[in-house]
Amino acid sequence: MERKLTGIPRAEALRYLGVRGEPDARLTADLDRCEAQLCAAAVPRVCWRSFAREADGTLTGTSFRPGGEAIARHLAGCGQVLLMAATLGAETERLIRRAQVRSMADAALLDALASAAVENVCDRFCEELAARFSPQRLTSRFSPGYGDFPLSQQREVCRILNVQRMLGMTLTPGGLMIPQKSVTALIGVSDSEAPSPARPRCADCPAAGNCRYRKEDTFCESI
């Protein structure tokens, strides 16, 4: 499913850049220029599938059982699970690589803008899913690598969704998604009100000692 990238949340891009407060005029102009380039180059695509969730957490029709306590808590009370994947496409990857040759500053701006853009694509798609499944309730997205949900299970999500054929996405032997500006996630569907996210229990997380979210003074979705 092809999407259109029409704008990028500027505040989110600045967060990825580590910029606090209002950017100065020069940075704003550079961001405007890079955003225009990215919007012209990116070809966002999304795919998804729905599965019933068995009593042991396995997704019906597959052998996939999301691992870890964090995802089990996240999906508690959900009889259905949506798997989704999204990418900005190889065009974005090429744009950033070309920028790295001529200007590392531009490459950094494009990288931050692309990170914000793919999250925004996911956010907007999840809003569409929420409307589609209403009056059922959807949880927030939960990706492999959050909390104790093993990053290695990303390979299984990609296999089930057939992302190589659907989106042109692949995984390196080490589990890195190509194109890098890509996301996989699980979403729970419940007949009742989805539980409100609680503050993440970072002290209990096996990734607590080397967490990129905590370095950014924020949290992942492990609840």
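The values are calculated or read from the model by the stated rules, or taken from the named source; none is laboratory data. This is a predicted model, so every value here is computed, not measured. Here the Cβ positions follow ideal geometry from the backbone for every residue, glycine too, while neighbour counts run over all protein chains shown. Just the protein is used for accessible areas: all its heavy atoms, side chains included, with ligands, DNA and RNA removed. Shrake-Rupley method; radii C 1.70, N 1.55, O 1.52, S 1.80 Å.
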Residues meeting the amide H criterion for residue 170 (H placed from the backbone, H to H distance under 5 Å, 5 or more places apart or on another chain) are 178
Here the range 120-129 yields Karplus 3J(HN,Hα) values (6.51, -1.76, 1.60; θ = phi - 60°; whole Hz; Gly and Pro given as x) of 5, 4, 5, 4, 5, 5, 5, 5, 5, 5
What helix-only [θ] at 222 nm does the chain give? Using -39500 (n - 2.57) per DSSP H run of at least 4, over all residues, to the nearest 500, the answer is -12500 deg cm²/dmol
For the chain, the longest principal axis of the Cα atoms and the Cα long axis of helix 90-102 enclose an angle in degrees, to the nearest 10, of 40
Once the dipole of the chain is set up from charges on Cβ (+1 Lys and Arg, -1 Asp and Glu), the residue from the list 14, 1, 74 lying farthest towards its positive end is 1
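How high is the relative contact order of the chain? Use alpha-carbon pairs under 8 Å, at least six apart in sequence, and give a whole percent. Intermediate results must be reported in sequence, preceding the final value.
Details: 352 pairs, mean separation 59.0, N = 223.
Contact order relative to length: 26 percent.
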Regression test value, accessible area per residue of the range 10-198, probe 1.4 Å, units Å², expected 48
Ranked by GNM mean-square fluctuation in the chain (Cα springs under 10 Å), the top entry among 22, 93, 54 is 22
The ³J(HN,Hα) series, computed from each phi in the range 17-26 with the Karplus coefficients 6.51, -1.76 and 1.60 at θ = phi - 60°, rounded to the nearest Hz and given as x for glycine or proline, is 7, x, 8, 9, x, 6, x, 6, 4, 5
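In the range 93-203, carbon and sulfur make up what percent of the accessible area (probe 1.4 Å)?
Reported share for carbon and sulfur atoms: 51 percent.
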